[in-house]
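Data block below; observations after.
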Amino acid sequence: MTNMKRILPLLIGTLLSVSAFAQDFTYGDVSSQELDMKKYDKDTSAHAVFLNEYGTTHINFDNDYNVKLTFRYHARIKFFDNKEFERQGTFEIPTYSSGDNDHYEEVQDVKGTTYFKDDNGNVQKEELDKKNIFITRNSKHWSTVKFALPGLRKGCVIEVSYNLVSPYLFDFHSWDFQDDIPKVTSTYEVHIPGFWFYNAMLKGYLKLTRNTSNVERACMTYGASSMGATGISADCSDIVYGMDNIPAFIEEDFMTSKKNYLSAISFQLAERTDLNTGAKIKLTREWKDIDKLLKDDYGFGSQLKRTSLLKDRVTPVIAGKTDELAKAKAIYYYINHNIKWDEQNNALSEDGIKQALDKHTGNSGDINLALVSALNAGGIRAEAVLLSTRAHGNITRLYPNLDDFNYVVAKADIGDKSYLLDATDPMLPFGMLPMRCLNDQGRAFSLDKPSDWVDLNTAQRQTTTYNFDLTLLQTDGKLKGTIKRFSVGYDAYLKRKEIKKFNSTDEYVEHVEQALGKVKILKSDIQNLDSLDMPLEESYDVEVSLYNNMNHDKLAFNPVLMDQVKTNPFKLSERDYPVDWGMPSDERYIITIHVPDQYTIENPPQNVSFGLPNQGGRFLTDYQSEGNTFTFSYVTQFNKSVYSAEEYPYLKELYNKIILAEKNEMVFKKKG
């Protein structure tokens, strides 16, 4: 498999001097040919295409010698129909503010134009009205600038440009070469003075088609004045990265964040020059530096030290419990039920765990750092595990980068076993992580030892068993009997959450009956709904009508009454990125049918056996008959959390086998 990440150090001293510079394309220079395009020849299925995309980031001084990063974006997009209007015709630009009046990001010089031809073939255009540029405050530090291009219609071309000015040199703007629609060309140019040194990381499966560099001598000077001071100067590197004929990135089910696989380039500040002394300051840290930084941080280490705050709260919670596991569970459920998650992911506690405890609400950092402190206050050895959620992207293992982390969970060590805990959801049992957290590895931190990597692919599984026991009645051609569904592990958690969305269990049962079609539920019973550590059991007494067009000699029946697989989630001819389930799974159907003496099964199901390479999983069916009783079973197992791109064709074929087996009806026929 192609290496997805390559480090490209921007060493100014080794840059080759070349005469070529990237050039932004002219705003407004939309051709008649672009407006007349009916399709994109390299991807005729595309609903839209980037005709051109250019970005540039410069580092410069303002008039007061404050350092600024200026990112400029310019794009031109052709729409063939209306399918991509919402996704590609609307722009959202996140901005950050530290709270200091001098330290905030600002979007400037927004321009947007929609070009189209009227009924007479004349080119018309609609400009973006500044009044339709909106700013939304998302949190204490984050806002979003949002606007939509006006007058979108089939065949139009839009053009947009804006500047993002930032004081945060550590957050050099990244660039995505690949998108949900194809691109004819995409170019990113960076202009970096020698006072700063960045490592560039290229990721994804596509290669650059253009990469040029140039050195501009003495491009930036600091400290020069009219009084004769010469200051210090630096050369600048101008580097161009480009790709042409870029295919659309196609998302499929069972993947983590698409930004893990999109072809893109990102930057990390590795070294800077002290502009007053000229000294070089290394910024690329080792994990021991990160450990110290976090231990001293108010939102992290300071909260982990607040065991005295939690001592009085957890003492009555664990009173009378001598077993460490029982104590840990009591503390977990105490935090779980006393701080409501505000749906905000954070690796830190913004306002401190005391405020979260007092207000009974907080982000994931507030809740799980409070949990770590509470466990330690209760005598349970616990650590905080920083991680990146599946939607946030993978962690860069090449160097420590705190920006990679956006979430924290607890790790409790009890006896010879470790438990990963997330107290943000009252429905989540002790020792189970939600799917959003199952993303490779996290970094475990404590106050008294070095941090270390922790595997997040825990032993949890998704397990569901269906048990049908049905009898064909001779008098009315109906099947009657029981359907039971046993949900274990993560499947039980998901099923409980589904049930709790309804106003009552009766309302949920009505929903189940509607989904079953011809099946009438006569009686229902749901066990262990609130016993989170127990399997969830659903039991239904049912009646199934089999008569079809008054032909009572033949009765057709599809035995897969629940959760039948009808479409293959894997549709690509090939997939460049892995299939990530998050955890292994096991699904079983056991269907037993009793028929009267005068009936037989006309088309007994064929046994199927299909296995994935390296014992990665399997799909099995088995049909048995004994007298007037027929038993049909299905087993679908996926034994791994993650499957490589090379295993994709086998997964695709396994699903084809499942769909074929599950769509076949059983036909009961009267004998002779």
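The values are calculated or read from the model by the stated rules, or taken from the named source; none is laboratory data. Just so it is clear, the model here is predicted, and its values are computed rather than measured. FYI the Cβ positions are ideal-geometry reconstructions off the backbone, even for glycines, and counts take in every protein chain you see. The protein model used for the area step is the full one, side chains on, heavy atoms only, and it has no ligands, DNA or RNA in it. Shrake-Rupley method; radii C 1.70, N 1.55, O 1.52, S 1.80 Å.
Computed in the context of the full set of protein chains, the accessible area of region 4-252 at 1.4 Å probe radius has 48% of its extent on carbon or sulfur.
What region 4-252 shows is 50 Å² of accessible area per residue, with the surface traced by a 1.4 Å probe over protein heavy atoms. Where only DSSP H runs of four or more residues are counted, the chain gives -4500 deg cm²/dmol as its mean residue ellipticity at 222 nm, each run worth -39500 (n - 2.57).
Dividing the mean sequence gap of close Cα pairs (under 8 Å, 6+ apart) by how many residues region 4-252 holds gives a relative contact order of 28 percent. A straight Cα-to-Cα reach below 29 Å connects K449 with the lysines K282, K288, K292, K295, K305, K311, K321, K327, K329, K354, K411, K417, residues fewer than 8 places away in its own chain not being considered. Of the chymotrypsin sites (Phe, Trp or Tyr not before Pro) found in region 480-521, those that fall in a DSSP loop while having at most 14 other beta-carbon atoms within 10 Å are F502. Region 390-422 and region 179-228 have Cα centres lying 33 Å from one another. Rolling a 1.4 Å probe over the heavy atoms of the protein chains gives region 462-670 an accessible area of 49 Å² per residue. Taking the chain, the Cys residues with no second Cys beta-carbon under 4.7 angstrom are C156, C437. For region 123-228, trypsin sites (Lys or Arg not before Pro) are listed when DSSP marks them as loop and at most 16 other Cβ atoms sit within 10 Å of their Cβ; the list is K140, R153, K154, K207. What a 1.4 Å probe finds exposed on region 462-670 is 45% carbon and sulfur by accessible area, rounded to a whole percent.
Ligands, DNA and RNA are left out, and with a 1.4 angstrom probe the accessible area of region 287-455 is 41 Å² per residue.
Other residues with beta-carbon under 12 Å from the beta-carbon of N346 carry, at +1 per Lys or Arg and -1 per Asp or Glu, a net charge of -4.
Just one of [x] 3, 12, 18, 20, 20, 15, 8, 3, 1, 0, 0, 0; [y] 3, 15, 24, 25, 18, 9, 4, 1, 0, 0; [z] 3, 14, 21, 22, 20, 13, 6, 1, 0 is P(r) over Cα pairs in 10 Å bins from 0, in percent as worked out from the coordinates here. Which one is it? Here P(r) over Cα pairs in 10 Å bins from 0, in percent agrees with entry [x]. Can you give me the C-alpha center-to-center distance between region 21-42 and region 44-122, rounded to a whole angstrom? About 16 Å separates the Cα centre of region 21-42 from the one of region 44-122. On region 287-455, 48 percent of the accessible area sits on carbon and sulfur atoms, based on a 1.4 Å probe.
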